[in-house]
Amino acid sequence: MKAGLLAASCLLSTTPAAHAADSVDHGAAPSGNVTVVARFAHAQPSGIARLPDGRVVLSFPTSAQAHPGPVLAVWHGDTKLTAFPDANAQKDLISPLGMTVDGHGRLWVIDEGSVAGQTTPQTPAIVLIDPVANRIVRRFALAAPVVRADSHINDLRVDLTHGTEGTVFISDSSQTVHPAIIVLDIASGQARRLLADDRSVSAAPGHVMEVDGKLFRYDPDHPAMPQGGINGIGLSRDSTRLFWSPFSSRRLYSAPTAVLADPDVKPADLAQAVHDEGEVGVVDGIFTATDGSFYMADEERHGITRRAPDGALTLVAHDPRLIAPDSIAPDGTSGLLMTVGQWARLPAFHNGRDMQERPYILVRITQKKLIKI
């Protein structure tokens, strides 16, 4: 009893030792592995892809705002761009967005088919470019009922293991509440609309997201932030599974590509084949690494999240300059390149006021810091 009283007395009488500043969230400071490698004063880069010969291609969509210069270009460092596949082909491209390189080294590009202020119906398409010949070799037009008047085709991945020439999987985020996965058979050019309005491709009811220090709730009737259904889309390294995440959600889903590519699959069987992979965050672009892991642009964490093949998550990078991180590609070494959007600052979300703070940036991420989440 006396020993206990003595210990208590010592604790009460001890003079506080000198201490550092009050503790803060260790994730609040920038991760230190983000470098701005290009700044664009007018045109906002969105899609990014690295060709087999090392060239890096950027897309500059026009659906939200017009801009000078090419809409698809090879980036040569800093702000130097050259039109891709050439200057003449720019007239055949309306609003390039998501991109991917297939197993044959060909570049596939989403063309939204609309420009800012357009009042006529959009004409979305998938554009195939041969980077060796530097020319557009095929354009797959997407029409009703595969796309709707309120469709927003966003990103795509190419599976060469199903179909005689392969299969393209396309995310339709929807401008309203009708998202879906579009499956295109390359040989025939025929496309199908799958999982339309399914929970796995749709916004999560009541979803709340932090944007620029403010909280917004998903509201399809009065959007105050970028929102919608399936956005980021990724293919497993062996092409056996397709992964995707609705933008107004924090969950990742997957399904076997063999089922998705089967033109005779019944809707009920397809829905049954979808697997909930768990929570990952608010995801935009998804990049598949050589080890089978996914690198995902993380909107709320202003960075990149890595999902290992076993499902383990780590935060690769975070930085306040990453305002709406968008698309990811390898930088040719062990790092990553990522485009950065400012989509939530567009006039459409601010009663016509343009809240963007130019220039737009392209960043390089080195993988020296991994934070488990």
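Once you sort the root eigenvalues of the Cα gyration tensor of the range 56-171 as a ≥ b ≥ c, which label holds: rounded (a/c under 1.5), prolate (a/b larger than b/c) or oblate (the other case)? In terms of gyration-tensor shape, oblate. In plain terms, the residue of Ser254, Ser95, Ser334, Ser249 with the fewest other Cβ atoms within 10 Å comes first and the most crowded comes last, giving Ser334, Ser254, Ser95, Ser249.
In a simple Cβ point-charge model (Lys, Arg +1; Asp, Glu -1; nothing else charged), the range 125-213 has a dipole of about 340 debye relative to its Cα centre. Highest GNM mean-square fluctuation among Lys91, Lys80, Lys214, for the chain modelled with Cα contacts below 10 Å: Lys214.
Residue exposure proxy: Asp262, Asp25, Asp155, ordered by other Cβ atoms within 10 angstrom of their Cβ from fewest to most, comes out as Asp25, Asp262, Asp155. Largest first, the three principal axis extents of the alpha carbons in the range 30-372 are 48, 46, 44 Å in whole numbers. Rounded, prolate or oblate for the range 41-123? Axes are the square roots of the Cα gyration tensor eigenvalues, ordered a ≥ b ≥ c, and the cut-off for rounded is a/c under 1.5. Because a/c hits 1.5 or more and a/b fails to exceed b/c, the range 41-123 counts as oblate.
Here's the picture: charge each Lys and Arg Cβ at +1 and each Asp and Glu Cβ at -1 in the chain, and of Val158, Ile304, Asn88 the one pushed furthest to the positive end of that dipole is Ile304. For the chain, modelled as a GNM whose springs connect Cα atoms under 10 angstrom apart, the maximal fluctuation among Glu112, Glu165, Glu277 occurs at Glu165. With each label modelled as a point 7 angstrom along the Cα→C-beta vector, the Asp331-Asp219 pair spans 4.0 nm. Sum -39500 (n - 2.57) across every DSSP H segment of at least 4 residues in the chain, then divide by the residue count to get the 222 nm mean residue ellipticity, nearest 500. Rounded to the nearest 500, it is -1500 deg cm²/dmol.
Between Gly341, Gly232, Gly105, where does the largest GNM mean-square fluctuation fall for the chain, given springs only between Cα atoms within less than 10 Å? Evaluated over the chain, the most mobile residue of the options is Gly105. Would the range 226-373 count as rounded, prolate or oblate if I go by the C-alpha gyration tensor, calling it rounded below 1.5 in a/c and otherwise prolate when a/b exceeds b/c, oblate otherwise? It comes out oblate by the Cα gyration axes.
Can you give the net charge of the other residues whose Cβ lies under 11 Å from the Cβ of Gly206, counting K and R as +1 and D and E as -1? Once positives and negatives cancel, what remains is 0.
Between the listed residues Ala317, Val265, Val127, the Cα displaced farthest toward the positive end of the dipole of the chain, a dipole computed from Cβ unit charges relative to the Cα centre, is found at Ala317.
Computed from point charges on the beta carbon alone (+1 for Lys and Arg, -1 for Asp and Glu), the dipole magnitude for the chain about its Cα centre is near 700 Debye. In this calculation the C-beta distance from Asp130 to Arg353 is compared with R0 = 45 Å, giving a FRET efficiency of 0.60.
Equivalent-ellipsoid semi-axes for the range 197-300 (Cα gyration tensor, √(5λ), whole Å, largest first): 26, 18, 9. Measuring between their Cα centroids, the range 210-263 and the range 320-363 lie 18 Å from each other.
Read-outs throughout are calculated quantities, based only on the coordinates presented, and are distinct from any laboratory measurement. Because the structure is a prediction, the values reported are computed rather than measured. Note: ideal-geometry Cβ built from the backbone for every residue, glycine included; neighbour counts use all protein chains shown.
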